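So the structure is just underneath, and the comments pick up after that.
What follows is calculated from the coordinates using simple rules that are stated; it is not laboratory data. If you're wondering where the values come from, they're calculated on a predicted model, not measured in any experiment. Here the Cβ is made from the backbone with ideal geometry for all residues, glycine too, and neighbour counts use every protein chain on show.
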Amino acid sequence: MTLTLQPEFAPAEAVARIAAASRRKQQPQSSGDLVSLAMGEPDFDTPAHVTEAANASLRAGRTHYSPLLGELALREALAEKLSGITPASPADILVTQGGTAGLAASILAIVNPGDRVVIPDPTYSLYADLVSMAGGVVDPVPLADDLHWDLDRLGAALAGAKLFVFCNPVNPTGIVHSREELEALARMLEGTPTLVISDEAYSDLDYTGRPFTSAIAVDGLRDRTIYCQTFSKSYAMTGWRVGYLWGPRPLITSAARIHNTFNGSVNTVAQDAALAAVRHGDADIARMRAAYERRREIMRTGLAAIPGLTLSAPEGAFYQFPRYDLDIPSADLVAKLVEFGVAVRPGAEFGAHGEHHLRLSYAASEEAIETGVVRLGEGLAALRRS
Ligand SMILES: Cc1ncc(COP(=O)(O)O)c(C=O)c1O
């Protein structure tokens, strides 16, 4: 039975703003005859020692509230890990309800109604939704043809902006911004009050062969940037909902105020599991990363054989973002491809400039990738004939 609401109800304006801005749409998981290359989550189980740490935590009765910034032992371990990039104190770390809540807390802590927030176009779709929730104005800046930043356009847009939000490596394009690009960003922002959120959810998945550069390793960015991280991707812990922020203390204190207000503290048992992951998870990261590299190659080879696709450089994360040459919007193309037994994401979901691209995830099994790419080729060929 569905209740009829009495009295009549109009959702808060924030809800309407998110609905108006949002390009996000659920795509189906693999089932029956449908192969999904749409999911942005590892198909690996969480490493057994991490799950066991959670079991041990429960057995030890660790079922009480956690400190509002997060468990001290976890923040100490994270500060030590971060010190490989830049000296960090546990007092400047906020443990969050996944990367999502870290991003939400950061954006709501910074953005006032009417503030202009620059994001790349295309980029991870959550940023625009969160800026809209805060009442800010989203300013999407089209990427260059190679899917890296168009520095001229970016520089022009950043003038007078409150905030720039980006991810590196990039969902959905799979490219990795280099140290040189980050240094160019730092030069553009020099002398301005513009803040930065650097979402490095995929930082362990860089296949370029050069060392990954975090924004907080770059002079001129470090002191204006919130670093946003999550356990979801590196450790196959999407369902545990643990992430963290680090940055200049006033930013972290403000983000903590927002985060505590709508999340309280983060699940204690999940934080104990995360501590095991930070302390003993390096081999797990390496194992899964090696698997993604193999899958990336399988996908790249398969896509390269499909006429009409221009491939993106598969530098990082677990995505490829090919451009297609059919004259059909990506949302319609994705709907038609389901009829051929493969689910992918429309490029337009990540920004208007993502149109005529598809996002494929290789966080699926090798078999799913092989089958999915064959079906994609068949689908595109059939649509080309029709
Ligand atoms: C770039 C990026 N940042 C953050 C997240 C959110 O991760 P979490 O599961 O920790 O909320 C995702 C998830 O897809 C992502 O792609």
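Across region 350-386, the number of residues qualifying as crowded, with 20+ Cβ neighbours inside 10 Å, of a type in the set (D, E, K, R) and farther than 20 Å from S31 by Cβ comes to 0. In region 166-182, the residues that are in contact (Cβ under 8 Å) with a residue 12 or more places away in the chain and farther than 20 Å from R224 by Cβ reach residues that are among the acidic types (D, E) and away from the ligand (no atom under 13 Å from the Cβ) with C-beta atoms within less than 7 angstrom, at least six apart or across chains, in these pairs: P169/D206; P169/E315; G174/E315; I175/E315; V176/D206; V176/E315. Restricting attention to region 75-97, the residues that are of a type in the set (G, A, S) and within 15 Å of I226 (Cα to Cα) add up to 4. Would you call H148 more than 16 Å from the ligand (Cβ to nearest atom), under 17 Å from the mean Cα position of the chain (by Cα) and not polar (S, T, N, Q)? Answer is yes for this residue.
If you go through region 315-329 one residue at a time, how many are touching a Phe, Trp or Tyr at 6+ places or on another chain (Cβ under 8 Å) and away from the ligand (no atom under 16 Å from the Cβ)?
Within region 315-329, the first condition is being touching a Phe, Trp or Tyr at 6+ places or on another chain (Cβ under 8 Å), and the residues that meet it are 315-320.
Subset that is away from the ligand (no atom under 16 Å from the Cβ): none.
Total meeting the criteria: 0.
When T253 is tested against (1) hydroxyl-bearing (S, T, Y); (2) within 22 Å of the chain's Cα centre (by Cα); (3) part of a helix (DSSP H, G or I), only condition (2) is not met.
If only one of L126, L108 is within 12 Å of the ligand (Cβ to nearest atom), within 18 Å of the chain's Cα centre (by Cα) and either buried (at least 24 other Cβ atoms within 10 Å of the Cβ) or not small (G, A, S) (or both), which one is it?
L126
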